[in-house]
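Asks: Quick one: structure below, then a few questions.
The values are calculated or read from the model by the stated rules, or taken from the named source; none is laboratory data. Since this is a predicted model, take the numbers as computed values, not measurements. Counting neighbours? That spans all protein chains shown, and the Cβs are built from the backbone with ideal geometry, glycine included. All accessible areas refer to the heavy atoms of the entire protein, side chains included, with ligands and DNA or RNA removed. Shrake-Rupley method; radii C 1.70, N 1.55, O 1.52, S 1.80 Å.
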Amino acid sequence: MKTQRLSRLLALAALFTAAGTATAETYPQRPVTLIVPYAAGGPTDQHLRAVAEEAGKALGQPVVLDNRPGASGTNGAAALVRAAPDGYTLAVLPASVYREPFINKVAFDPARSFSYVVMLSDYTFGLAVKADAPWKTWQDFAADAARRPGKLNMVPFKGDAEVTNAILGGHIDAAPLSGVAVPHIDAGKMRYLVMLTPQRVKRYPQVPTLREQGVDAVIDSPYGIAGPAGMDPARVKTVHDAFRKALASPAGLRVLEQLNQQANAMDPEQYRRYALATTAREKERVARLRQRGLLD
């Protein structure tokens, strides 16, 4: 009798173990939500819509975008703190995630709050103006700003799509814009005065960098995908592999070309190390700005 009972217990244990293994192997079993902390229509949204569709094919389940603009691009990071680490809620993390904890009170800590999954790309920024703007060069713009302090309008908006419409509508004079400006530049409605990149970019080789104009400033702004802290490493790998495949797919490469961006892929460990190093650098940068009275 005892032998029979032991055999049944062993059989049940084997059954539950097999069921658990099957569940782990079949992730995901329902759609995955990807929070994009910017408005629909902007470069991040355009890129993620293309790669999410391709990643969904690899995962066997759709990846559904959830746009949550505002809060300096940190709404996705904040949502991950409250989400279950089951792999069904992911978020895009822009560069502001590493700086914002030292400027404002936030619910997340870049060192402990996330499971870093995959770095994707880096925005390519330039200072954009309307095509018929009076300034032909950065020097023209800087000289005009010096002559008329406070008169040039560069009001911030929630996302690049809104900024683009504001420039085209004549509501603001200039703004740093990334790939969302490309179709308007190609259509002759907008132009870059100067690139905010370390080197000139392939698509617009005639546009100088701000560094070439004597101002040592660039916008370094990569972004990637993370989940809540504590995600199963196997699920992290599953998501990573799907998005890496999507990033290199014809559709993924095509949208990067349209946005004037390059792939900047990192695996989970590389991405984690990058995040920690960037967080430390941003902490020092914010401290310096406060010492100079440039931040409260």
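Asks: Does any residue of region 268-280 turn out to be among the polar types (S, T, N, Q), farther than 18 Å from Leu80 by Cβ and touching a residue at least 60 places away in the same chain (Cβ under 8 Å)?
Replies: yes
Asks: Could you tell me whether Met119 is in contact with a strand residue (DSSP E or B) (Cβ under 7 Å, 6 or more places away or on another chain), under 28 Å from Gly76 (Cβ atoms) and assigned to a loop (DSSP other than H, G, I, E, B)?
Replies: So Met119 does not fit the description; no.
Asks: Can you find a residue in region 107-114 that is surrounded by fewer than 22 Cβ atoms within 10 Å (Cβ to Cβ), of a type in the set (S, T, N, Q), over 24 Å from Thr164 (Cβ atoms) and touching a helix residue (DSSP H, G or I) at 6+ places or on another chain (Cβ under 7 Å)?
Replies: Yes: one or more hits.
Asks: Moving to a separate point now. Output the number of residues of region 115-148 satisfying the condition of being closer than 22 Å to Ala242 by Cα and open to solvent by 10 Å² or more (accessible area, probe 1.4 Å).
Replies: Residues flagged as closer than 22 Å to Ala242 by Cα and open to solvent by 10 Å² or more (accessible area, probe 1.4 Å) within region 115-148 amount to 4.
Asks: Limited to region 49-80, what total is found for residues that are part of a helix (DSSP H, G or I) and either touching a Pro at 6+ places or on another chain (Cβ under 7 Å) or not aliphatic (A, V, I, L, M) (or both)?
Replies: Counting residues in region 49-80 that are part of a helix (DSSP H, G or I) and either touching a Pro at 6+ places or on another chain (Cβ under 7 Å) or not aliphatic (A, V, I, L, M) (or both) gives 11.
Asks: On to the next question. Every residue in region 160-177 that is open to solvent by 10 Å² or more (accessible area, probe 1.4 Å) and in a helix (DSSP H, G or I), please.
Replies: Hits for region 160-177 are Asp160, Ala161, Glu162, Val163, Asn165, Leu168.
Results for (1) at pLDDT 95 or above; (2) part of a loop (DSSP other than H, G, I, E, B); (3) of a type in the set (Lys, Arg); (4) open to solvent by 50 Å² or more (accessible area, probe 1.4 Å), shown as yes or no for each residue.
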position	(1), (2), (3), (4)
Ala181	no, no, no, no
Ile185	yes, no, no, no
Arg191	yes, no, yes, no
Val194	yes, no, no, no
Arg203	no, yes, yes, yes
Glu212	yes, no, no, yes
Ala217	no, yes, no, no
Asp220	no, yes, no, yes
Gly227	yes, no, no, no
